[in-house]
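Everything on this sheet refers to the single structure shown next.
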Amino acid sequence: MKKLLSILSAGILAAGIFVTPALALEIAGGEEFTLAEGQTYDDNLIVGGGVVDIEGVVNGDLIAGGGYITITGTIDGDVLVGGGRVELEEGSKITGDLKMMGGMLELDGTVEEDVTVYAGQIDISGTVKSLSADVGQAKLSGKITEDADIRAGMLSVEEGAEVGANLIYA
């Protein structure tokens, strides 16, 4: 058994040594992180902090963790976020998928692909392709162009909300 674990460990270590240089990314953190408006980051970006603001453009995937995460810019890729409060402001755009886990998601921007959320509360007033949510409270007032699958303690569908295909609520 020890020999097997040693072989597996050596294999994982070797894979990490040879694969890691092929990964392109930036890792940043601290009390606050800001990618300012007008700035462009041409790579995958991993950030963490008490406050994370993405005002510029990320040409790659974004992984972010923090107490308060705000995206007002454009992410040309997928986004994976975990935070106390995550806001995608009006005018923000994610060209890939959004996966979020945390306390509150407020989505006023656009997500061109799928949104998956595990949170206490969501407020979708922007536009998304599809939504899968497991939340305490959900409020829909925006546009979901395909399916919405929502497991929530409470669902509020506001006037003007649109779901292009099926709305499944449990």
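Bear in mind that the values in this text are calculations on the coordinates, not laboratory data. All values reported here derive from a predicted model rather than from experimental measurement. For neighbour counting, all protein chains shown are included, and Cβ atoms are generated from backbone atoms with ideal geometry for every residue, glycine included.
Points to keep in mind about this one:
- Neighbourhood net charge (14 Å Cβ-Cβ; Lys/Arg +1, Asp/Glu -1) for GLY66: -3
- Rg(Cα)/(2.2 N^0.38 Å) for segment 118-169, N = residue count: 0.97
- Once divided by 2.2 N^0.38 Å, the Cα radius of gyration of segment 26-170 becomes 0.99.
- Rg(Cα) / (2.2 N^0.38 Å) computed for segment 76-125, rounded to two decimals: 1.00
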